[in-house]
Amino acid sequence: MNTPTPHLSPSAGGPASALAAGLGRLVLCLIREMGAMTLFMLHGLSRMFSSSSQIPKVFRQIHVIGAGSLFLIVLIGLFTGMVLGLQGYYAMTRFGSEGFLGSAVALSLIRELGPTLTAVMVTGRAGSAMTAEIGVMRISDQIDALDVMDINSMGYLVSPRFSAALIAFPLLTAVFCVVGIYGGYATGVLMLNVSEGVYFSGVLSSVRWNDVAGCLTKSLFFSLIVVTVSCYKGYFAHLRSDGRGAEAVGNATTSAVVLSCILLLVADYVITSFLL
């Protein structure tokens, strides 16, 4: 006679078993979320320029993402370069190597700080706006209305943002790096009396095309991350379990900014490990 096997709860094995079960659920939830966002990104990319009516929307989003963030990028780039120039100068004076200040500032900006800080700043400004705008459209049934009118909501709302970000992010990153280099010049040359020729000679001799290509590659990947997370969180704001209506939109916006920043730093490490 077969004896039925009793069902054991995760806590039956003690605290270690409960911890392992909780960690497993967290990992599965994370994998499921990443998979859903990847499919969302591929769907959005597949609808890029599916019709000529997207072109005006792309230009509008370039203005929102690019021109709207330009002042912020210039301001942050300038002071980032100035801080790098200041810290780099006082670190290098200990070893009598002030002549390498231009190289240090340029390589720090182009390889790491430029694309990463640009993406973080655009996430805080334009990414949060994307999530809020699409989230409001979702909870007010505007996206459902688009589907009822046989207008593809992904092609109408998401794909133009992908197109605009792929154009705007590399340009903003380039502006950040150039302004940052001149910020380092302002600190090192104008304030601390480093030779102007030595500073720019270090910049020109140290920066290679591979560094510039890696910078632009990072900016393209970062643009996909920011738009994917921001639009995904807004598009599915109505399915959140931590709130309804306006509260869901607010929580979705916060979640989008936090998750985007985390993924940007993870992606930065992964891409850098391949480029080095």
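Is at least one residue of the range 49-69 of a type in the set (D, E, K, R), assigned to a helix (DSSP H, G or I) and more than 23 Å from M121 (Cα to Cα)? Checking the range 49-69: not a single residue is of a type in the set (D, E, K, R), assigned to a helix (DSSP H, G or I) and more than 23 Å from M121 (Cα to Cα).
Among the residues of the range 70-88, those that are surrounded by fewer than 21 Cβ atoms within 10 Å (Cβ to Cβ) and closer than 15 Å to L172 by Cβ comprise L70, F71, L72, V74, L75, I76, L78. Do we find that R125 is in contact (Cβ under 8 Å) with a residue 12 or more places away in the chain, part of a helix (DSSP H, G or I) and closer than 13 Å to Y235 by Cα in this structure? Here the answer is no, as R125 does not meet what is asked.
When the residues of the range 59-96 are narrowed to those that are touching a Gly at 6+ places or on another chain (Cβ under 9 Å) and hydroxyl-bearing (S, T, Y), which ends up modelled with the lowest pLDDT? Across the range 59-96, the extreme among qualifying residues is Y89. Looking only at the range 192-216, filter to residues that are surrounded by fewer than 16 Cβ atoms within 10 Å (Cβ to Cβ) and hydroxyl-bearing (S, T, Y); which one of those is farthest from the chain's Cα centre (by Cα)? Result: S195. Among residues of the range 159-186 that are in contact (Cβ under 8 Å) with a residue 40 or more places away in the chain, those with a Cβ under 7 angstrom from a residue that is charged (D, E, K, R), sequence gap 6+ or separate chain, pair up as S159/R47; P160/K57. Put simply, of A91, A16, A36 the only residue that is loosely packed, with under 14 Cβ neighbours inside 10 Å and under 30 Å from G183 (Cα atoms) is A91.
Every listed requirement among (1) more than 18 Å from the chain's Cα centre (by Cα); (2) closer than 18 Å to C231 by Cα; (3) surrounded by 19 or more Cβ atoms within 10 Å (Cβ to Cβ) is met by D141 save one, (3).
The values are calculated or read from the model by the stated rules, or taken from the named source; none is laboratory data. Just so it is clear, the structure is predicted and the values come from calculations on it, not from any experiment. Cβ: placed from backbone, ideal geometry, glycine included. Neighbour counts: every protein chain shown.
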